[in-house]
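The structure appears below as structure tokens.
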Amino acid sequence: MISKNSKNFIHQNQKSFFFDDFLETSKKQKKTHKSEISEDRLYVLFSVFFSLILIFSISIFSISIQRSNFEEYKKVDQNSLFLRRNIVDRKGQLIATNINSYHAGIKPNLIKNKKNFILNIKLNFPEISLPKLKKNLLNKKYFYLKKRLTEDESNKLRAFGEKGIIFEPYQGRVYPHGQLFSHVLGQTDDDNYGISGIEKFLDEEIQNNEKINDPLFLTLDTNVQFLIKTELKKAMQDFKANNAGGLLMDVNSGEILSLVSLPDYNLNIRNDISDPKYMNQITKAVYELGSVFKTFTLALAIEENILTPETMIHNIAKKIQCSIYPITDIHEFPKSMSAEDILIRSSNIGTLMIARKIGEEKLKKFIENLGLLKFSDIELEEVGMPFKFKWEKCKLETVSYGHGIGTTALQAAVAYASITNGGYIIKPTLELKKNFDKKIRKSIISNSTSNKINKILRKVVDDKEGTASYANIEGYYVGGKTGTAKDYKDKKKNINTFISIFPSNKPKYVLLVILDDPKGAPHISYKHKGLVRKNIQRTEAGWNSVYVAGKIIEKIGPILAINNDEAYNTHVVKKNN
């Protein structure tokens, strides 16, 4: 039971009670309000955060979609920095260098009016396939419209005013002399890597960044190369030959001053050169070279003391039957001739009689040591492999005069250099090296034998019975040997060769000229020792390859500054007269 005093107490404190209750309620309401504000902030922050994630996600997705396109042109910086060393000739004349050029890429989504774009391409670039272009534009992927733009092509495309045309800079390779060194220099691909010739063989050396400011020197002489090419080109027209080739090499160092193969092609125009006619006639093509091999047979016989140049060979028949094969000479020769006369007149039967005195094993080893049956060791990948054959019945006889054995023109020229330089094997080279060590040379024949051969080769040119009279250019003391052989693929065609040395009293250079199936040239006036002959229809090497070699020596002799007694005496006589 509540007392009166208690009621009064409750009543008196009731205000206080309700106030307390109000405070609690107010706090709760206030707390709830603050919570709502915090949640709003969270919603705002979450929205912002989500938006950022969405933006980044879209960006990443977009990049991933276009990644393959990016891969196509992400090389821009790399290519613009990818340099190759300049290449120069032996005198420092520029023959290969770099330029800043462009590839034309297309981003289809940036091409505003595709129909107009296609029409412009059709008018300005008719070589571009329109069906392929339309297909690429529909695929919406980055693609190349044209690589390796010329300046004119670049200007035409820029005139379109299309944002979708992307000009990718790259380091292009250009060759100032166009076709002059095509079979030596070779080419680079769209990424500036060597794909043929010197550009490929010495690719790593040419890319060497540590030497980027130092040009690569080659053994070639631009002026000599031009003159030899000019004469060979004229020869192809005069004699209606299918192909022609020329090689000039230092007989002591193996340095190649000129290597010409025709037809050639412009290195700056990337046309298809798979046609066999563009094969390197000097290093790649393999031929039976015929009578040029007779020099090797005689040199070995002299070296083995089997005979001397004056030794008489008797009972030389007009025809010899070797197994089932009849062997004859083109011309009728005396029944008895000296060893040197056999070479001067170029007798097949006389040569095989000398070979029989040598024997198969010795001749086989000598041919191999001269390097005539293996790949040429030179700074090119375009080299041919000589024919494989077995030394069976009659091979001794036929090989002695160059039949039934095939090799490259380069290998034959190297063998002649080795026979005539004092008897030392040389290595042909296109890279100019400052140091040449004569001490490491390997001897193939004695100096005495070499000198005897040189005198005989001189008579091949100078003697009235010789086969190379039209190479007897006054003042240069030319020696050499002719070779007229049948094309092993087509016996109706000739492969005519003349390998010359000059000056023959102390050889400095070997010059090889080769013509594929030359015809008679009745319009040519053949001049020799005051006599002029016209309307000649003959097709042997003496009437074409020899004639061309003479014209070449006449042109390049002053550049090479040949010094010999005959040249000096001739000059003095003319001056006194």
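The values are calculated or read from the model by the stated rules, or taken from the named source; none is laboratory data. Keep in mind the model is a prediction, meaning the values are calculated, not measured. Cβ atoms come from the backbone with ideal geometry, glycine included; neighbour counts cover every protein chain shown.
Only one of the listed residues (G186, G164) is outside the structural domain of G245 (by TED's automatic domain parsing) and on the phi > 0 side of the Ramachandran plot. That residue is G186. Within segment 343-352, is even one residue exposed (fewer than 11 other Cβ atoms within 10 Å of the Cβ) and of a type in the set (S, T, Y)? Within segment 343-352, not a single residue is exposed (fewer than 11 other Cβ atoms within 10 Å of the Cβ) and of a type in the set (S, T, Y).
Conditions (1) buried (at least 17 other Cβ atoms within 10 Å of the Cβ); (2) small (G, A, S); (3) in contact (Cβ under 8 Å) with a residue 40 or more places away in the chain; (4) out of contact with any Ser or Thr (no Cβ under 7 Å at 6 or more places or on another chain), marked per residue:
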{"site": "N116", "(1), (2), (3), (4)": "no, no, no, yes"}
{"site": "E127", "(1), (2), (3), (4)": "no, no, no, yes"}
{"site": "L137", "(1), (2), (3), (4)": "yes, no, no, yes"}
{"site": "Q187", "(1), (2), (3), (4)": "yes, no, yes, no"}
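All told, I453 meets the bar of being touching a Leu at 6+ places or on another chain (Cβ under 8 Å), among the hydrophobic types (A, V, I, L, M, F, W, C) and in the same structural domain as D516 (by TED's automatic domain parsing). Going through (1) among the acidic types (D, E); (2) farther than 23 Å from V174 by Cβ; (3) free of Cβ contacts under 8 Å to residues at least 60 places away in the same chain one by one, D250 falls short only on (3). Between E303, E288, the distinction of being of a type in the set (D, E) and in contact with a His (Cβ under 9 Å, 6 or more places away or on another chain) belongs to E288 only. Looking at the structure I just gave you, is T283 touching a residue at least 24 places away in the same chain (Cβ under 8 Å) and either exposed (fewer than 15 other Cβ atoms within 10 Å of the Cβ) or closer than 30 Å to L248 by Cα (or both)? Criteria met by T283. Restricting segment 375-404 to residues that are of a type outside the set (D, E) and part of a helix (DSSP H, G or I) leaves a set whose member that is nearest to Y278 (Cα to Cα) is V399. Would you confirm, using the coordinates I've provided, whether E127 is more than 28 Å from the chain's Cα centre (by Cα) and either under 17 Å from Q207 (Cβ atoms) or not assigned by TED's automatic domain parsing to the domain that holds Q281 (or both)? Spelling it out, it is not the case that E127 is more than 28 Å from the chain's Cα centre (by Cα) and either under 17 Å from Q207 (Cβ atoms) or not assigned by TED's automatic domain parsing to the domain that holds Q281 (or both).
Within the group P518, P522, which residue is crowded, with 17+ Cβ neighbours inside 10 Å and farther than 20 Å from V399 by Cα? Of P518, P522, the one residue that is crowded, with 17+ Cβ neighbours inside 10 Å and farther than 20 Å from V399 by Cα is P518. Among all positions in segment 170-181, there is at least one residue which is modelled with pLDDT under 95, outside any loop (DSSP other than H, G, I, E, B) and loosely packed, with under 15 Cβ neighbours inside 10 Å. Applying the set (1) farther than 19 Å from G406 by Cβ; (2) more than 39 Å from the chain's Cα centre (by Cα) to I327 leaves exactly one unmet item: (1).
So, in segment 451-468, how many residues would count as being touching a residue at least 60 places away in the same chain (Cβ under 8 Å) and surrounded by fewer than 24 Cβ atoms within 10 Å (Cβ to Cβ)? Residues that pass the stated criteria total 5.
Would you confirm whether any residue within segment 367-390 is in contact with a Ser or Thr (Cβ under 9 Å, 6 or more places away or on another chain), crowded, with 19+ Cβ neighbours inside 10 Å, hydroxyl-bearing (S, T, Y) and in the same structural domain as S253 (by TED's automatic domain parsing)? Yes. Looking only at segment 318-331, residues that are surrounded by 14 or more Cβ atoms within 10 Å (Cβ to Cβ) and either small (G, A, S) or part of a loop (DSSP other than H, G, I, E, B) (or both) come to 1 in all. Among helices (runs of 4 or more DSSP H) entirely within segment 196-312, having at least 2 residues that are of a type in the set (V, I, T) and touching a helix residue (DSSP H, G or I) at 6+ places or on another chain (Cβ under 7 Å) singles out 222-238, 294-303. What is the one condition in (1) among the polar types (S, T, N, Q); (2) closer than 22 Å to I269 by Cβ; (3) assigned by TED's automatic domain parsing to the domain that holds I559 that N192 does not satisfy? Only one criterion in (1) among the polar types (S, T, N, Q); (2) closer than 22 Å to I269 by Cβ; (3) assigned by TED's automatic domain parsing to the domain that holds I559 is unmet by N192, namely (3).
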